[in-house]
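Scroll down for the structure; my scribbles are underneath it.
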Amino acid sequence: MDFANIQSAKYIGSFPDYKSCPEGRLPEYAFIGRSNVGKSSLINMLCGRKDLARTSKTPGKTRSINLFVIDGQWQIADLPGYGYARVSKTDRKRWQRMIEEYMLFRNNLVTAFVLIDLRHELQEIDRTFINWLGARQVPFTIIFTKADKIKESHLPRHIRRIEKALLEEWETLPPTLVTSSVRETGRQQLLEYIAELNARLQTE
Ligand code: GDP
């Protein structure tokens, strides 16, 4: 059987806002979540590279949109995370504006992958962000991270706890995927999910 894989992942650059991003001719998938949720690890795991998303950790780049082109066919937008402890009000406002504009106006955005750490209950900041996406009808997919940190038999309980919290406000759930960057759990499913969406776009 042929496993979905990534042959090449190239860093395009870091951009302060969506307006500065090069015009998106390829389908783009945005990764976002609370700081420390495991976003860089997931992007690296997905691309089979140790330090691809490291770029976003270098000073000055943490607040930018980092773009990567994958196999010359689709793009990853590594977006700055939210919920950093020490961020000024001005910086938070700037972040909010940048993310909102990106989500609303980036015309090649296919779906936003919202990362949620499976170890915790749904955090207020995640709920607020998800509610905003839902209200604006921005397509999003939830990616649960760090599944290896949970005992296998407890996984469904953790997933249900978060889904239940979302269902308090929404009638339906978005698509969800369970991942672990340490064990490479969910890698195939995520790559296939992206491939399927890309294929669907081509036939539209
Ligand atoms: P980011 O701030 O969202 O980019 O998060 P990082 O990818 O830098 O990860 C934050 C911390 O969580 C690091 O210490 C990672 O080693 C750890 N981490 C990330 N993904 C996983 C995972 O799938 N399993 C476990 N056990 N730890 C993880």
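The values are calculated or read from the model by the stated rules, or taken from the named source; none is laboratory data. Predicted, not measured: the structure shown is a model, and the values here were computed from it. No Cβ is skipped: glycine too gets one built from the backbone with ideal geometry, and neighbour counts run over all protein chains shown. Heads up: the accessible areas ignore ligands, DNA and RNA and are worked out on the full protein's heavy atoms, side chains in. Shrake-Rupley method; radii C 1.70, N 1.55, O 1.52, S 1.80 Å.
Assorted remarks:
Okay, residues lined up against (1) within 16 Å of the ligand (Cβ to nearest atom); (2) open to solvent by less than 40 Å² (accessible area, probe 1.4 Å); (3) within 26 Å of Phe15 (Cβ to Cβ):
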site	(1), (2), (3)
Asn108	no, yes, yes
Phe113	yes, yes, yes
Phe129	yes, yes, yes
Phe144	yes, yes, no
Leu173	no, no, no
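- Scan of the range 180-204 for residues that are within 16 Å of the ligand (Cβ to nearest atom), polar (S, T, N, Q) and not in a loop (DSSP other than H, G, I, E, B), ordered by number: Ser180, Thr185, Gln188, Gln189
- Meets criteria (assigned to a strand (DSSP E or B), in contact with a Leu (Cβ under 8 Å, 6 or more places away or on another chain) and either without any contact (Cβ under 8 Å) to a residue 60 or more places away in the chain or not β-branched (Val, Ile, Thr) (or both)) for Leu177: yes
- Any pair with Cβ under 7 angstrom, 6 or more apart, that starts in the range 13-26 at a residue that is over 14 Å from Leu109 (Cβ atoms) and ends at one that is open to solvent by 50 Å² or more (accessible area, probe 1.4 Å) and in a loop (DSSP other than H, G, I, E, B): Ser14/Lys61
- Residue match in the range 148-155 (condition: surrounded by 13 or more Cβ atoms within 10 Å (Cβ to Cβ), modelled with pLDDT of 95 or more and either of a type in the set (S, T, N, Q) or closer than 17 Å to Leu46 by Cα (or both)): yes
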